[in-house]
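Since the structure comes first, as C-alpha cells, the remarks are kept for the end.
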Ligand SMILES: [Zn+2]
C-alpha cells in the first residue's frame, strides 16, 4: 500500500495527497505514492479560483458553454470558476434556473464551480430561494447589462435588494457604472453620428464608474450588506473602496487582467475584440491601478465571450462588450511581473476567504488538493489555434507570455497536463460556508 495517491516534489517542500485532499506537507516526505510528480524546478500555486466568468449555459451555448469554457479555464490553471447569472437563458434568478444551470455544469464542467444568483428588479422574492440553493452571492448591474432578460436595478431596488441580502447573509457583487452618465453620453455620441472607438471610450468615463462606486458604498454602509465591486478599472476606483473599508464598510473589489495589461491605446490598435465595460483606460490609469493592487481583494478574468459576428460590427456601440480571457488569467499575471505570492493571494487565497469557500484557496493539510504547476522558465505564445474557447478570439492573440501552465490538479486528479485535458469532466458545485 502506498502512503499517498500523489506526491508532488517541489523546490521547497513535498506535497502528499490522499483522497483528493492535501494530507501531508514537509521537506522530503520519505513515503511512497501511486504517482509522483517532479516539480523541483517549477512553481506550485493553489488552484486558481476565477470568481468571474460568463459561460452562458444553459440557453446560449452557441456563445460558450461549460464544456469549452471549463476546458479553457483548466488549461489556464483554474480549478474553480464562479459563473455569472446573466447570459445564461433563462438567467439564474430563481430556483428552477439555478437547478438547470447546476445540472448543465455538473455534466460538463472540467473544473469545480460556484454559481452567482442574479439580483434584478423582478426577483426580490426569490433571493431566499437562491440562498437556499447555495449561490455564492448575488450579482446586480447599476447600468444596462447588454442582456434584455437581465435588467439593471434602480437605486431604490438595489437598496431593498441589499437589505434582503444582508438579512440572508449574502454578498452582493456589483457592476458599478452610472446608467445616467453612460446612457446620456452614448445618446449624444450616436445623435452626432460619432461612433469610433474613441467615442466609445469617451462615453464611459472614469467618473461614471466612481459615481456608481460611491453610491454603492453608501448603500453597503446603510444596509450592512457585504459588497464586492467587480472589474474596477482604475486606481481611483480602488481608492474609494479602500477608504470606505477603512471607515468600517464591508466592501472589497475585483480587478481583471485586461485592466492591468491593456490600455485604451491597445483598443484603438486591436479594435472591438478589446471592447469591455468599464472600458480599457489610459496608461496613467493602468499604472495607478497597479499601484493600488494592495487594496484589491480578487482578480477574476471576467471571461465574457461571444460569437465573432457580435464583435465584428461597424458601429462600436453595437459590438458585444466582453473580453475572452479565462484561459490566460494566471499566465497574464505571471507575465506582468507580480510576485508569485501576491498572485496566489489575489487569484486563490483571498477569493476563497472573501466568498467563504472553506475547502479551497490554500495548499494546507485538510484542504481540497487543488493546485497548478507552472514552469516559470517556460513561455507560451497565444495563438488563435491554442484557444480552447468556442469562439477563438482574444485580445491576447500574438502575445508571448512568460510562465507556462504545465499541470492543473483538481481534488487530487490531474485535469490538465502538457496540453491535454482529462478524458471526463469532474466539476462539482462548491458551496460557500454560511
Ligand atoms: Zn462580467
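For the pair residue 180 and residue 207, label points projected 7 Å from Cα toward Cβ lie 1.3 nm apart.
With helices as the sole contributors, the chain gives -9000 deg cm²/dmol at 222 nm; each DSSP H run of n ≥ 4 counts as -39500 (n - 2.57), and the sum is divided by every residue.
Distance from the Cα centroid of the stretch 117-134 to that of the stretch 361-395 is 32 Å (rounded to whole angstrom). At full extension, residue 99 and residue 222 could sit 41.0 nm farther apart than now, given 0.36 nm per residue minus the alpha carbon distance. Pick from 184, 350, 327: which is most flexible by mean-square fluctuation in a GNM of the chain where alpha carbon atoms under 10 Å apart are linked? Per the Cα network of the chain with a 10 Å cutoff, 184 tops the list.
Length, then width, then depth: along the principal axes, the Cα atoms of the stretch 194-290 run 43, 27, 18 Å.
Across the stretch 142-280, Cα pairs under 8 Å and at least six residues apart give a relative contact order of 24 percent.
Relative protection proxy for 9-20, 142-153, from highest mean packing down: 142-153, 9-20 (other beta-carbon atoms within 10 angstrom).
For the chain, set up a Gaussian network in which alpha carbons nearer than 10 Å are linked by springs, and say which option among 61, 40, 80 fluctuates the most. Taking springs between Cα atoms under 10 Å, the residue moving most is 40. Between the stretch 76-98 and the stretch 179-239, what's the alpha-carbon centroid distance in Å? Each part reduced to its Cα centre gives a spacing of 24 Å. Peptides 306-312, 270-276 ranked from most to least packed give 270-276, 306-312, packing being the mean of other C-beta atoms within 10 angstrom over each peptide's residues.
Let me know the shape class of the stretch 25-110, please: from the alpha-carbon gyration tensor, a ≥ b ≥ c as square roots of the eigenvalues, rounded when a/c is under 1.5, otherwise prolate if a/b is greater than b/c, or oblate.
Numbers: a/c = 3.09, a/b = 2.74, b/c = 1.13.
Prolate shape, in that a/c is at least 1.5 and a/b is the bigger ratio.
Could you tell me whether the stretch 234-385 comes out rounded, prolate or oblate from its Cα gyration tensor? Rule is a ≥ b ≥ c as square roots of the eigenvalues, rounded for a/c under 1.5, then prolate if a/b exceeds b/c, otherwise oblate. Cα axes put the stretch 234-385 in the oblate bin.
For the stretch 323-434, just say rounded, prolate or oblate: build the C-alpha gyration tensor, square-root its eigenvalues into a ≥ b ≥ c, call rounded for a/c under 1.5, and beyond that prolate if a/b exceeds b/c, oblate if not. Don't skip to the end; give the middle numbers.
Numbers: a/c = 1.74, a/b = 1.45, b/c = 1.20.
It is prolate, given that a/c is not under 1.5 and a/b is the larger ratio.
The residue 422 and residue 188 beta-carbon pair, evaluated with R₀ = 60 Å, returns a calculated FRET efficiency of approximately 0.70. Top mean-square fluctuation among 249, 232, 351, Gaussian network model of the chain, C-alpha springs under 10 Å? Per the Cα network of the chain with a 10 Å cutoff, 249 tops the list.
Evaluated at q = 0.10, 0.11 Å⁻¹, a Debye calculation over the C-alpha positions of the chain (equal weights, vacuum) places log10 I(q)/I(0) at -0.65, -0.79.
If packing is taken as the average count of other Cβ atoms within 10 Å, what order do 374-381, 104-111 fall into, highest mean first? Don't skip to the end; give the middle numbers.
On the way: 374-381: 15.1, 104-111: 22.6.
With the highest mean Cβ count within 10 Å placed first, the list reads 104-111, 374-381.
For the stretch 141-167 versus the stretch 276-342, the spacing of their alpha-carbon centroids is 24 Å. For the stretch 89-153, the convex hull drawn through the C-alpha positions has a volume of 88 cubic angstrom per residue.
Under Stokes-Einstein, with the Kirkwood radius over Cα pairs standing in for Rh, what whole-number D in µm²/s applies to the stretch 268-335 at 37 °C and 0.692 mPa s? Before the final figure, lay out the partial values.
Numbers: Rh = 13.5 Å.
For these conditions, the coefficient is 242 µm²/s.
Given contacts defined as C-alpha pairs under 8 Å and at least six residues apart, what's the relative contact order of the stretch 1-157, whole-number percent? Show your work: numbers first, answer last.
Values: 301 pairs, mean separation 25.4, N = 157.
Answer for the stretch 1-157 is 16 percent.
Apply 1/(1 + (r/R0)^6) to the Cβ-Cβ distance of residue 284 and residue 106, taking R0 = 51 Å, and write down the FRET efficiency to the nearest 0.05. About 0.65, to the nearest 0.05.
Secondary structure note: in the chain, about 45% of the DSSP beta bridges are antiparallel. With only the Cα atoms considered, the stretch 317-369 has a convex hull volume of 124 Å³ per residue.
Taking all Cα pairs closer than 8 Å and separated by 6 or more residues, the relative contact order of the chain comes to 22 percent.
Laboratory data are not the source of any read-out in this text; all were calculated from the coordinates shown. These numbers were taken from a predicted model, which means no experiment stands behind them. Please note: Cβ atoms are built from the backbone with ideal geometry, for glycine as well, and neighbour counts cover all protein chains shown.
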